[in-house]
Amino acid sequence: MLPGTETVVLVHGLWVHGIAMALLRRRLGREGYRVFIYSYPSMRLNFAENVARLARYCRAVGAPRAHFLGHSLGGLIVLRMLDESADIAPGRVILSGTPVAGSHAARRLARLPGGRAALGRSMVEWMEPGRRIDARGREIGVIAGRMPVGAGRIVAPDLPAPHDGAVSVEETRLPGMRDHIVLNVSHSGMLLSRAVARQAGAFLRHGAFDHPVMSDE
């Protein structure tokens, strides 16, 4: 199937609007994909409400093949939506800086005065015990960052390295993922990075990232 017949839905993370994904949308669009940005109230609605809204949005798009790229919290919402909605069109999933294994920085922030309010209802609900992830056998590629620049270092100076300034590389590792790559980008910088866009395109086309070839010389 040619990229022009395929759809990619971009889902942003906490504290930002969908416009933050505009550059990534443009770059993936140049590769022939039909790209949509799903914008949602990451602070006001709870996790279940945002999952249900994304499912309704995807059904309205009506694509025969739909890929997803979720940044940070957006990746968690994508995974839960796919777990709960068997009727969503098939396609690959890319997680960018998504704390699938928990968030050390978020737990630290939650302990500070006003921290839980700052995290918003969706993230606080996700942090409750017993959360599981199952993307119904989808091919999942994970992009992590190792540029330690961001607010996470302020609230969690003990954030395990390597990290992207908010999420550690280990927190991005998902059991059963198809591929995983670590890039020299920060958490928020992923939204603007050419390298992230290039690797996302590679995974959408081939189900694998374009890993550099290591030389023995």
**Message:** Suppose we keep only residues that are over 13 Å from T172 (Cβ atoms), in contact with a Pro (Cβ under 8 Å, 6 or more places away or on another chain) and small (G, A, S) within the stretch 53-95. Which one would you say is surrounded by the most Cβ atoms within 10 Å (Cβ to Cβ)?
**Reply:** A66
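Kindly indicate the residue of the stretch 165-176 that is in a loop (DSSP other than H, G, I, E, B) and either on the phi > 0 side of the Ramachandran plot or out of contact with any Leu (no Cβ under 9 Å at 6 or more places or on another chain) (or both) and also surrounded by the most Cβ atoms within 10 Å (Cβ to Cβ) among those meeting that condition.
Ranking the candidates gives G165 first.
So which residues in the stretch 154-164 are buried (at least 16 other Cβ atoms within 10 Å of the Cβ) and either over 21 Å from A200 (Cα atoms) or in contact with a helix residue (DSSP H, G or I) (Cβ under 6 Å, 6 or more places away or on another chain) (or both)?
V155, A156, L159
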**Message:** For the stretch 143-164, which positions are part of a strand (DSSP E or B) and more than 14 Å from the chain's Cα centre (by Cα)?
**Reply:** H163
**Asked** Within the stretch 67-76, is even one residue at pLDDT 95 or above and in a loop (DSSP other than H, G, I, E, B)?
**Response** yes
**Item:** Qualifying positions in the stretch 1-58 - free of Cβ contacts under 8 Å to residues at least 24 places away in the same chain and assigned to a loop (DSSP other than H, G, I, E, B)
**Value:** H17, R30, P41
**Prompt:** Do the conditions hold for V61, that is, is it touching a Lys or Arg at 6+ places or on another chain (Cβ under 6 Å) and in contact (Cβ under 8 Å) with a residue 40 or more places away in the chain?
**Reply:** no
**Message:** Between M147, M127, M177, which is touching a residue at least 12 places away in the same chain (Cβ under 8 Å) and within 24 Å of I19 (Cα to Cα)?
**Reply:** M147
**Fill in**
The lone condition T98 fails out of (1) among the β-branched types (V, I, T); (2) surrounded by fewer than 19 Cβ atoms within 10 Å (Cβ to Cβ); (3) in contact with an Asp or Glu (Cβ under 9 Å, 6 or more places away or on another chain) is (2)
**Message:** Kindly evaluate R121 against the criterion of being farther than 30 Å from H206 by Cβ, modelled with pLDDT under 90, outside any strand (DSSP E or B) and in contact with a Leu (Cβ under 7 Å, 6 or more places away or on another chain).
**Reply:** yes
**Prompt:** For the stretch 13-37, which residues satisfy the criterion of being touching a Phe, Trp or Tyr at 6+ places or on another chain (Cβ under 8 Å) and either buried (at least 22 other Cβ atoms within 10 Å of the Cβ) or of a type in the set (D, E) (or both)?
**Reply:** none
**Asked** Could we say that A208 is under 21 Å from F68 (Cβ atoms), more than 15 Å from the chain's Cα centre (by Cα) and either not small (G, A, S) or not in a loop (DSSP other than H, G, I, E, B) (or both) here?
**Response** no
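The values are calculated or read from the model by the stated rules, or taken from the named source; none is laboratory data. Please read all numbers here as calculations on a predicted model, not as lab measurements. Neighbour counts run over all protein chains shown; Cβ positions are idealised from the backbone, glycine included.
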